[in-house]
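Enquirer: Here it is, the structure in full.
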Amino acid sequence: MAEAGYALESPRVSSLARPRSGRRVVVSTALWLLVAGNAALMVWLWVHGGNVSDDLTTGELLTSLARITGLLGAYSALLQVLLLARLPPVERLFGYDRLTVWHRWNGHACLDLILAHVVLSVWGYALMDKISLPNEVRTMLGGGVYPGMITATVGTALLIAVVVTSVVIVRRRLRYEAWYAVHLLAYAGIALAWFHQIPTGNELVLDRVAADYWRALFLGTFVLLVAFRLVAPALNALRYRLRVADVVAEGPGIVSLRITGRGLHRLDASPGQFFLWRFLDRKRWWASHPFSLSEAPDGRSLRITVKALGDFSSGLAEIAPGTPVVAEGPFGVFTEAARRRDKIVLIAGGIGITPIRALMEDMSGDVIVIYRVVRDEDVIFRDELEELARERGIDLVFVVGDHATDDGARLLSPEHLQELVPDIAERQVYVCGPPAMTEVLDRNVRGANVPPSFIHTEKFAL
């Protein structure tokens with residue numbers, strides 16, 4: 001999920017199980033069988049290519065393992081693209097948050113397989129050619145013996161750069177724009193690998209049907225990518241004609257943008273969801289950023305609220321009314337639809353109040369909202385929150401204090417949560433905020449005897 005003022009990190013999938021109809025189970029099973037079936041076919045191609053034998057030398061064994069890791073690594077790279085290709089049926093089925101987590105872990109697996117392919121190839125061919133590893137590297141990169149090795153090497157380097165910038169500690173030291181630009185190189189890395197796989201892949205060179213199948217996988221991925229990352233947003237831009245209608249300062253470094261358009265009810269957005277927003281002015285047209293709705297959509301306009309934490313979010317206050325907007329979404333399952341208990345607790349930290357504030361318009365019944373801030377002046381939407389609480393019969397609690405102080409150390413501890421909400425163990429708990437707070441609160445809510453299956457967590461990150 002995304003939010004106002006924070007760039008999207010790979011969020012942890014909610015532990016809350018989503019309701020699953022029979023049709024959803026069938027479609028989900030079919031998709032998993034398709035993914036697993038293609039992987040099994042890769043293994044079959046490898047076996048069929050003569051890579052499994054009792055009389056392989058050490059060099060032949062290593063190159064054999066290099067081939068299967070190469071096939072599976074390339075396949076996982078295609079899956080990596082599709083996981084975040086904005087495929088509406090897939091996103092509705094699994095949720096953008098879950099897809100993002102799978103994208104992260106598949107990315108690690110992809111890089112591990114590709115690096116294993118490189119190491120095993122060099123080592124195995126060096127043994128077979130009876131030369132040293134440095135000499136084998138020079139032979140491979142010479143261009144005359146192994147076609148496409150230069151492009152494959154560049155592609156591998158690009159994929160390594162993408163994974164390194166995804167490491168949280170590194171990413172927090174990069175501007176979001178730089179991180180976004182580096183991630184675009186993943187597409188170039190996959191494309192460059194193509195020029196290595198077809199002419200040198202043993203299983204593909206020997207079998208035309210296998211080569212055509214491999215080409216179909218790449219072509220299908222390319223078509224889906226273009227359709228849902230380029231064509232669909234362009235058509236939606238023409239369909240909805242989104243524009244920035246108003247820019248309002250909510251407090252120091254915090255601004256709300258109201259976006260209007262045509263027929264916005266057709267977006268079918270729910271409170272708690274987010275969009276990927278692209279503001280088409282001179283400074284920001286090239287990058288999209290994720291921000292949650294900070295108000296329940298009414299079919300006429302959408303509102304987001306952003307805290308200035310980076311170059312992009314800091315500049316949103318400068319956006320002029322009338323600026324065209326392209327929005328992809330809605331995404332996310334941090335919604336009323338995930339509700340499985342009558343009694344609810346919504347816990348927000350800092351700017352994480354944005355989707356919680358929208359959810360307050362959608363949730364009825366026994367609902368308690370806890371809003372955690374360090375200072376009283378950090379409270380956002382105080383008047384709106386208090387008015388919504390009165391109108392909808394919601395218990396609203398502000399928890400103010402610095403956890404680094406003696407007085408603030410116990411705030412929202414398991415004991416404090418049980419004091420604030422004596423029946424918390426009987427409630428479903430939604431938690432939204434920065435990663436550190438979310439992780440601590442997840443532990444504390446469990447410590448307050450709430451079953452993990454009824455804790456719904458989303459986290460924001462720089």
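Enquirer: List every residue pair whose Cβ atoms lie under 9 Å apart, where the two residues are 6 or more positions apart in sequence or sit on different chains, the first residue falls within the stretch 28-42 and is without any contact (Cβ under 8 Å) to a residue 40 or more places away in the chain, and the second residue, located anywhere, is among the hydroxyl-bearing types (Ser, Thr, Tyr) and open to solvent by 60 Å² or more (accessible area, probe 1.4 Å).
Expert: Pairs found: none.
Enquirer: Looking at 90, 101, can you tell me which residue is among the β-branched types (Val, Ile, Thr), out of contact with any helix residue (DSSP H, G or I) (no Cβ under 6 Å at 6 or more places or on another chain) and open to solvent by 30 Å² or more (accessible area, probe 1.4 Å)?
Expert: Only one candidate qualifies: 90.
Enquirer: All but one of (1) assigned to a strand (DSSP E or B); (2) modelled with pLDDT under 85; (3) among the hydrophobic types (A, V, I, L, M, F, W, C) hold for residue 210; state the number of the condition that does not hold.
Expert: (1)
Enquirer: On the basis of being closer than 26 Å to residue 291 by Cα, without any contact (Cβ under 8 Å) to a residue 40 or more places away in the chain and in a helix (DSSP H, G or I), does residue 387 make the cut?
Expert: The answer is yes for residue 387.
Enquirer: Name every residue in the stretch 343-361 that is open to solvent by 10 Å² or more (accessible area, probe 1.4 Å) and within 11 Å of residue 384 (Cβ to Cβ), in order of residue number.
Expert: Matches in the stretch 343-361: 357, 361.
Enquirer: May I pose another question? Sort out which residues of the stretch 83-113 are under 12 Å from the mean Cα position of the chain (by Cα) and either within 20 Å of residue 234 (Cβ to Cβ) or of a type in the set (Ser, Thr, Tyr) (or both), and write them in order of number.
Expert: 84, 85, 86, 91, 96, 100
Enquirer: Can you spot a residue in the stretch 13-32 that is small (Gly, Ala, Ser), at pLDDT 85 or above and either farther than 20 Å from residue 83 by Cβ or open to solvent by 30 Å² or more (accessible area, probe 1.4 Å) (or both)?
Expert: Scanning the stretch 13-32, I find at least one residue that is small (Gly, Ala, Ser), at pLDDT 85 or above and either farther than 20 Å from residue 83 by Cβ or open to solvent by 30 Å² or more (accessible area, probe 1.4 Å) (or both), so the answer is yes.
Enquirer: Is at least one residue of the stretch 326-338 open to solvent by less than 40 Å² (accessible area, probe 1.4 Å), within 26 Å of residue 90 (Cα to Cα) and assigned to a helix (DSSP H, G or I)?
Expert: Checked the stretch 326-338: at least one residue is open to solvent by less than 40 Å² (accessible area, probe 1.4 Å), within 26 Å of residue 90 (Cα to Cα) and assigned to a helix (DSSP H, G or I).
Enquirer: Any idea which of 248, 244 is modelled with pLDDT of 90 or more, buried (at least 19 other Cβ atoms within 10 Å of the Cβ) and at negative phi?
Expert: When all the criteria are applied, what remains is 244.
Enquirer: Specify the residue that is modelled with the lowest pLDDT; the eligible residues are those in the stretch 355-384 that are under 27 Å from the mean Cα position of the chain (by Cα) and assigned to a strand (DSSP E or B).
Expert: Across the stretch 355-384, the extreme among qualifying residues is 373.
Enquirer: Taking the stretch 234-268 as the region of interest, how many residues are of a type in the set (Lys, Arg) and part of a loop (DSSP other than H, G, I, E, B)?
Expert: Looking only at that region, the number is 2.
Enquirer: Let me ask something else about it. Scanning for something modelled with pLDDT under 90 and either over 25 Å from residue 86 (Cα atoms) or open to solvent by 20 Å² or more (accessible area, probe 1.4 Å) (or both), does the stretch 256-265 turn up at least one residue?
Expert: no
Enquirer: Kindly indicate which of 116, 77, 109 is open to solvent by less than 60 Å² (accessible area, probe 1.4 Å), under 21 Å from residue 215 (Cα atoms) and touching a helix residue (DSSP H, G or I) at 6+ places or on another chain (Cβ under 8 Å).
Expert: Answer to the selection: 77.
Enquirer: When you look at residue 281, is it touching a residue at least 12 places away in the same chain (Cβ under 8 Å), open to solvent by less than 50 Å² (accessible area, probe 1.4 Å) and not in a strand (DSSP E or B), yes or no?
Expert: yes
Enquirer: May I ask you to list the residues in the stretch 215-272 that are hydroxyl-bearing (Ser, Thr, Tyr) and within 15 Å of residue 295 (Cβ to Cβ)?
Expert: Scanning the stretch 215-272 gives 256, 260, 270.
Enquirer: Okay, next question. Answer with yes or no whether residue 346 is aliphatic (A, V, I, L, M), on the phi < 0 side of the Ramachandran plot and assigned to a helix (DSSP H, G or I).
Expert: Criteria not met by residue 346.
The values are calculated or read from the model by the stated rules, or taken from the named source; none is laboratory data. It should be emphasised that the depicted structure is a prediction, and the values quoted were computed from it without experimental measurement. Here Cβ is always computed from backbone atoms with ideal geometry, including for glycine, and neighbour counts include all displayed protein chains. All accessible areas refer to the heavy atoms of the entire protein, side chains included, with ligands and DNA or RNA removed. Shrake-Rupley method; radii C 1.70, N 1.55, O 1.52, S 1.80 Å.
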